[in-house]
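The values are calculated or read from the model by the stated rules, or taken from the named source; none is laboratory data. Predicted model, so just to flag it, every value in this text is computed and none were measured. Glycine also receives a Cβ, built like all others from the backbone with ideal geometry; neighbour counts cover every protein chain displayed.
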Amino acid sequence: MTSQTSSACAVTGASGYVGSIITQELRKHMPVVKLTRNPKSEADIAWSLESDLDISRALRSLNVKSLVHAAWEMRANNLRKMEESSVRGSAALFEAAGRAGVERIVFISTISAFEGCRSAYGKTKLAVEKLLRGGSNVVLRPGLVFGDQPGGVFGGIRKQVQSSSVLPIIGKGLAPQYLLHEQTLAESIVRAVCGDFDQTQAVPITLAHPRAWRFRDLVQGIAAAEGRKVTLIPIPWHMLFAGIRVGEAFGMSLPFRSDSVISFVHYDRNPDFSVMHSLGIEPLPYEPA
Amino acid sequence: MYYVIGSGPAGVSCAQALIAAGKTVTILDSGLQLEIARRDAIRTLAASSKSDWTPAATAFLRDGVTSGASGIPLKLAYGSDFSYRQVTGATSIVWDGAETKPSYACGGLSTVWGSAVMPHRQRDIEDWPISIEDLEPGYRAVLEWMPISVRNDGLSQFFPLYTDECVSLPMSRQAAGTLADFERHRGKLNRQGIYFGSSRLAVDADGRQAQSPCVQCGLCMYGCPHSLIYSSDQTLAVLLSTGRVDYKPGVTVQFVQETDTGAVIHAVDHQGRPMVFNAGRVFLGAGVLNTTAILLRSLGMYDRPLQIRDSQYFLLPLLRLRGTPNVVREPLHTLAQFFVEVFDDSISPYAIHLQGYTYNDLFRGPVLAALGPFRSIFPLEALLGRLMLIQGYLHSGHSSSITAILERNQNGDTLTLQSAPDPETEWRVRKLARKLTKLSMHTGVIPLIRMLQMGKPGRGFHSGGSFPMSARPGIGETDILGRPQGLRRVHAIDSTVLPSIPATTITYTVMANAYRIGSAAAMETDRSGE
């Protein structure tokens, strides 16, 4: 790992599950500046994907030399809205970072982003990836992040198995899930920010353990780790998708987006882990109790 | 010295190319053979007249063969499972939702295949770094040693015959009637993207290379008593007679190490003893699972998932409106009788391949099971005279696939094969079935959609593409001569290197491509003076 640096690293999405892991780890190595809707200290900068504020001067004044962009507008549920918010906001952020003299941008993409992906989430992440090609930027495509106290999707599944013994699953639950331990994510982020991955020139790094878990096995594994037994009820994905779409059309706030169903069923059937391996990253495996 | 690994269709085709280029070849093969008692029984049958074949004399062919609504669970050869039997040194495989199997038999899976052979169409291989023109010399060469039963019909405009000699098996009455119905509405069907013709089979229809022509005994699905269904072990025997080929059975290759001047092949014999061979070049034709495992081991690519592409297999029973009497007593062959190719972009931009099977005695079991207590009163013969079966395939681009990963553990290596479902595959097949239903007044057949059976990935044995050929190969890919990135003298020659798997059968193209690679590699060696 490269030595510590006194320059600061800005982080977007720091209040989310992945962003908080990133922030916590980076703070061990360098000053961290949060770009957030609600700044809570002088070291934070007010920012959001939708805002038009030029933050370049603020970044420069705090000596920000690197940026980790993990924020995403998760309320949007179609391509147009995601393009308007996340893609446009990301582009503006990168421009501001360029004006501020930020030397390296690390973009937290997703394993759902790949050429030919169908989901709006994957497509817009892919579009932002393409804004960063070349230079010393880094694109990470993390898998499903897990840890001892997981949040995000993994944490959501855990909460579900804790509260219910009967769970609906999409289709037969055969879709593969590639998992990424929080520790591997944290270590990789620090290496990326410190320049260890500059040679990738923003070629995406798929970051996950290459061993795929079927969704149904993963849910059962999480349940077993919690000492629970769950019964899984397969729901045909077309039916689930149509149902959620109807709910969304009526403006209902649902725990699962229709776009996530698309992302779930139209996954990358051939994820490329070669860049990750070439960088010497050996992800920790998921081992349910 | 040129070493070819495996005696399946790819191996013998590559060996043929090398021999044609004046090289000498050693074939290393696990080489399992059909049991001697069964071979003797087949010889006895072949030496006698069909009229003398008693049920007791042919009973051994049916050993272990069962059929159900989802087809034959595992097709056997002459009542033996030797085609799928394991050997010492075989890679341990864990199946998770995938069904394809490796073969360690002399002749590989050609000892047990359905013998359907069609070339590919350029439009179906646009993602390949080579074209149909590159494959054509191989397509022609293969037909010099592999017999083919073929007619020059409506399929030839899309799928050339690559031979001037058209010899064909007689068609069953059900098939002939069906194709006659199709023919009456050819214009309408063609406008709907439906083209049809006789099946093309790797069968020595007139018995030119055997003791007898086809006697229409109806035993094809169990194993031809006259060995008229092509198996690559027949070509191996011819190759050995040239004196230019050395065959070493009982050798299971584990991995290959390339050196500055050649390659070292590491193998084990059937007692598990290590063996080493020094080769100038190595051609891996061990079948997609074994070749993939050998390459992963050779490249140190443990724990790295690869995608094995698969051409989706499905079974769709048909009911013909017009019945054919006495099919049970009809002399016929029971391989695929006719082919239907569907070109309909609203279902798939690729050709969909359908093989039509008419009556064979394996239909009887599932029908009786379905009739249950009504079997004694149901007019079974009338139903069997109308029942047909479509065995269909989709292009791999619209099929589920298999994720393969080689892991090292205390007991050796394990290759895990995990199915990776495509959510739209079944939808495409059902759309096709509905299209056929709408056309039933023109085709004279009604698809029994409720009895549609989708095979798990690998079920049809049309799988490959784990190290796809690429014009600019990266990690996990091969160049157009099947060499993985970083290797110069190790070529994969079987379906492992196909970038996609078109629906129109796999073996013929694998053979043509193996021939192409063998020819090109020999020329490259001559040019470099190695």
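Summary table
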item: Residue among B:Arg186, B:Arg140, B:Arg191 that alone is farther than 30 Å from B:Pro447 by Cβ and either in contact with a helix residue (DSSP H, G or I) (Cβ under 7 Å, 6 or more places away or on another chain) or surrounded by fewer than 16 Cβ atoms within 10 Å (Cβ to Cβ) (or both); result: B:Arg140
item: Matching residues, segment A:158-188, being out of contact with any strand residue (DSSP E or B) (no Cβ under 8 Å at 6 or more places or on another chain), at pLDDT below 95, outside any loop (DSSP other than H, G, I, E, B) and surrounded by fewer than 18 Cβ atoms within 10 Å (Cβ to Cβ); result: A:Lys159, A:Gln162, A:Ser163
item: Single unsatisfied condition, A:Gly155 versus (1) assigned to a helix (DSSP H, G or I); (2) out of contact with any helix residue (DSSP H, G or I) (no Cβ under 9 Å at 6 or more places or on another chain); result: (2)
item: So B:Thr252, is it at pLDDT 95 or above, under 30 Å from B:His333 (Cα atoms) and not in a loop (DSSP other than H, G, I, E, B); result: no
item: Which numbered condition B:Val342 misses (of (1) touching a strand residue (DSSP E or B) at 6+ places or on another chain (Cβ under 8 Å); (2) more than 14 Å from chain A (Cβ to nearest Cβ); (3) more than 30 Å from B:Asp127 (Cα to Cα); (4) of a type in the set (Val, Ile, Thr)); result: (3)
item: Test: residue in segment A:241-261 that is among the acidic types (Asp, Glu), within 12 Å of another protein chain (Cβ to nearest Cβ), buried (at least 18 other Cβ atoms within 10 Å of the Cβ) and within 22 Å of the chain's Cα centre (by Cα); result: no
item: Candidates A:Arg216, A:Arg269 - the one that is assigned to a loop (DSSP other than H, G, I, E, B), touching a strand residue (DSSP E or B) at 6+ places or on another chain (Cβ under 8 Å), surrounded by fewer than 22 Cβ atoms within 10 Å (Cβ to Cβ) and within 14 Å of chain B (Cβ to nearest Cβ); result: A:Arg269
item: Residue check, A:Arg211 closer than 19 Å to A:Ala113 by Cα, surrounded by fewer than 21 Cβ atoms within 10 Å (Cβ to Cβ) and within 13 Å of chain B (Cβ to nearest Cβ); result: yes
item: Single match in B:Ser400, B:Ser348 (criterion: under 30 Å from A:Cys117 (Cα atoms) and touching a Pro at 6+ places or on another chain (Cβ under 6 Å)); result: B:Ser400
item: The one condition in (1) surrounded by 13 or more Cβ atoms within 10 Å (Cβ to Cβ); (2) closer than 15 Å to A:Thr12 by Cβ that A:Arg60 fails to fulfil; result: (2)
item: Only listed residue being surrounded by fewer than 23 Cβ atoms within 10 Å (Cβ to Cβ) and at pLDDT 90 or above, chosen from B:Thr66, B:Thr91; result: B:Thr91
item: Strands (runs of 3 or more DSSP E) enclosed by segment B:377-494 - at least 3 residues per element that are away from chain A (no Cβ under 14 Å); result: B:387-393, B:445-447, B:490-492
item: Filtered residues of segment B:199-247 (kept if part of a loop (DSSP other than H, G, I, E, B), polar (S, T, N, Q) and surrounded by fewer than 20 Cβ atoms within 10 Å (Cβ to Cβ)); result: B:Gln209, B:Gln211, B:Ser212, B:Gln216, B:Thr242
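Conditions (1) more than 26 Å from B:Tyr350 (Cα to Cα); (2) among the hydrophobic types (A, V, I, L, M, F, W, C); (3) touching a residue at least 24 places away in the same chain (Cβ under 8 Å), marked per residue:
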residue: B:Asp134; (1), (2), (3): no, no, yes
residue: B:Ile148; (1), (2), (3): no, yes, yes
residue: B:Leu155; (1), (2), (3): no, yes, yes
residue: B:Phe158; (1), (2), (3): no, yes, yes
residue: B:Tyr162; (1), (2), (3): no, no, yes
residue: B:Met171; (1), (2), (3): yes, yes, yes
residue: B:Leu179; (1), (2), (3): no, yes, yes
